[in-house]
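Worksheet: the structure to be examined is printed underneath.
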Amino acid sequence: MTSASGTGTATGRPAWLLPTLVGYRRRWLGKDVTAGLSAGAVVVPQAMAYATVANLPVEIGLYTCIVPMVVYALLGGSRAMSVSTTSTIATLTATTLVSAGVAAGADDAGDVLGSLAALTLLVGVVLLAARLLRLGSLVENISNATVLGLKIGVGATVAVGQLPKLLGETVNVSGEGFFRGLGAVAQAWDSISGVTVALSIGSILAIVLLKAFAPRVPGALLVVVAGILIVALTSAREAGLELIDPVPSGLPVPQLPDLTHLGALVPGALAIAVMVFMETAAVAKGIRKPTEPMIDSDAELLAASAANLAGGLFGAMPAAGGFSQSAVNQGAGARSQLSALVTVALAVAVALFLGPVLSLLPQATLAAVVFVAVVGLIQIPTLVQWARISPTDFWIASAVAAVGLTAGLLAAVGLGVVLTLVLVLRELNIPRLDGVVRRGGALAVHLGRGLYTANALENERAIVALATTQEEPIDTLVLDVERLDLVTMTVLGALEELDRDLAGHGVELHLARLPDSAVEVAGKVSWYQGMAAAGRVHDSVEDALAAAAGREPT
């Protein structure tokens, strides 16, 4: 229970620490343990697989299951969300490193870890800045069409990037983009390994069939175990089956960031930060039960920032809320972030004791896990459906996807943000004049939304048009501005110009119900002072209409 002061709980714990334990019941502990183990069976192999998407050692995926997840469990407000890396974040990480000129090949993976730490820390810093500026709601306004386009671009790019590992080829196309990846695969067609292809097809079929007919069974974990057993018990390795690099046993240790490529990493960090918060907020709200507290966007920004800052200090990849493992966590009965701490304990056990065993894991097995996960992002049927329902959304999603497949995912995220701002500004730009009341020679108009820089001119034009196109001329226009909580010099300038334009048509402007916060600013401007002195500012619309009626000729 939260204390009356709002700064702590009945147990003496600060309110911001472990918020999901507020009102916790002991009988929930068993469900949290079960849920944490179930989620771990999904998140641990997935995180290792997603590390390979960025062409990083698989233990980096394990570290991302430990440090960021612990920090989110301490600060996050979603009871069932599981925070590690995702296919989108892993792909953007790979693209950012390649674009920055950071080598990401398997032979020099150690050289990239310093730049990875710098990138993850940058993501945390960007998220922290967004929190300080209270931009949570702005990021959440990125349209569904933009998100769909990004998913298609990510899904296709990552799927192509896994083809070499699924086919047993030696070419590396991590972070190279969709068409480059296809071209590289075609050129290396002669290096295909039959045993690798057989394992890849079997792994993909196993995951797909288990998901369709036994969704509670952790298909990714089973194929990982099967892949290790095949290597341990057969001569598949001698037949050409490639394994992942040796996995060292141990926990993550502090990692100093390499600032050599810092400037080149900034654009990617911005894009990753946007996607981290979008995914985290979407998952948190999507899995929230009606009986659970509402998700605070700014609090989630802070939790995501802290998770990435801590992760960067320990060599983890950028982290976000993942839908698949969060859905498993919730479906298994998770009641709080204690379930995430159980998942962390499982990841720690794997990191400490199973390194030699994981070193027997075939590359094709992890590639199959990633391939199945990302193919589900290529939602072409949804795109076709939107073409019939909303052509605007269809073209936005198609444009973002096309840019992602051609110019790269960083450019696609940038385009998505720009399109979102354009759509928001376009919506704000549409005047909403309602509650129109005619009384004698006076016309009262309610301003349906606040005035902003983006819509001030359009509203001014609409109001003048309304006032000058009445069947019977008016001499007074009462503007109900109760929604004008915040005014700027641009807005005040627009109102002053509206006053002049109406006066030019023989119409006198009156303002009604201007909020106190707006009066405090407007009262310092000579134009508004003149309005008030002339009795053209009123506490209510009725007062304004009565004042207008008192001037009408009898």
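The values are calculated or read from the model by the stated rules, or taken from the named source; none is laboratory data. This is a predicted model, so every value here is computed, not measured. No Cβ is skipped: glycine too gets one built from the backbone with ideal geometry, and neighbour counts run over all protein chains shown.
In a helix (DSSP H, G or I), out of contact with any Lys or Arg (no Cβ under 8 Å at 6 or more places or on another chain), modelled with pLDDT of 85 or more and surrounded by fewer than 21 Cβ atoms within 10 Å (Cβ to Cβ): is that true of Ala129 in this structure?
When the stated conditions are applied, Ala129 passes them.
Sort out which residues of the range 426-445 are surrounded by 16 or more Cβ atoms within 10 Å (Cβ to Cβ), free of Cβ contacts under 8 Å to residues at least 40 places away in the same chain and not in a loop (DSSP other than H, G, I, E, B), and write them in order of number.
Those that are surrounded by 16 or more Cβ atoms within 10 Å (Cβ to Cβ), free of Cβ contacts under 8 Å to residues at least 40 places away in the same chain and not in a loop (DSSP other than H, G, I, E, B): Leu428, Leu433, Leu443, Val445.
Hey, any hits in the range 383-393 for a residue that's loosely packed, with under 15 Cβ neighbours inside 10 Å, touching a residue at least 24 places away in the same chain (Cβ under 8 Å), more than 26 Å from Ile287 (Cβ to Cβ) and not small (Gly, Ala, Ser)?
yes
Which of the residues spanning the range 512-554 are closer than 23 Å to Thr488 by Cα and touching a His at 6+ places or on another chain (Cβ under 7 Å)?
Listed by number, the residues that qualify are Ala512, Arg536, His538.
Based on this model, can you work out whether Thr120 counts as at pLDDT 90 or above, closer than 17 Å to Leu302 by Cβ and polar (S, T, N, Q)?
Spelling it out, Thr120 is indeed at pLDDT 90 or above, closer than 17 Å to Leu302 by Cβ and polar (S, T, N, Q).
Could you look through the range 446-461, keep only residues that are among the aliphatic types (A, V, I, L, M) and part of a helix (DSSP H, G or I), and pick out the one that is farthest from Leu492 (Cα to Cα)?
Leu457
Kindly evaluate Leu205 against the criterion of being touching a residue at least 12 places away in the same chain (Cβ under 8 Å) and either in contact with a Ser or Thr (Cβ under 6 Å, 6 or more places away or on another chain) or surrounded by 13 or more Cβ atoms within 10 Å (Cβ to Cβ) (or both).
Answer is no for this residue.
State which residue pairs qualify: first residue in contact (Cβ under 8 Å) with a residue 24 or more places away in the chain and farther than 21 Å from Ala548 by Cα and inside the range 481-510, second residue in a strand (DSSP E or B) and of a type in the set (D, E, K, R) in any location, beta carbons under 6 Å apart, and separation of 6 or more residues or different chains.
none
Considering Ala387, Ala345, Ala349, Ala397, which residue is over 20 Å from Ala159 (Cβ atoms) and touching a Phe, Trp or Tyr at 6+ places or on another chain (Cβ under 8 Å)?
Among Ala387, Ala345, Ala349, Ala397, only Ala387 is over 20 Å from Ala159 (Cβ atoms) and touching a Phe, Trp or Tyr at 6+ places or on another chain (Cβ under 8 Å).
Answer yes or no as to whether Leu309 is touching a Ser or Thr at 6+ places or on another chain (Cβ under 9 Å) and surrounded by fewer than 18 Cβ atoms within 10 Å (Cβ to Cβ).
Criteria not met by Leu309.
Would you pick out the residues in the range 215-227 that are under 16 Å from Ala368 (Cβ atoms) and out of contact with any helix residue (DSSP H, G or I) (no Cβ under 6 Å at 6 or more places or on another chain)?
Leu222, Val225, Ala226, listed by residue number.
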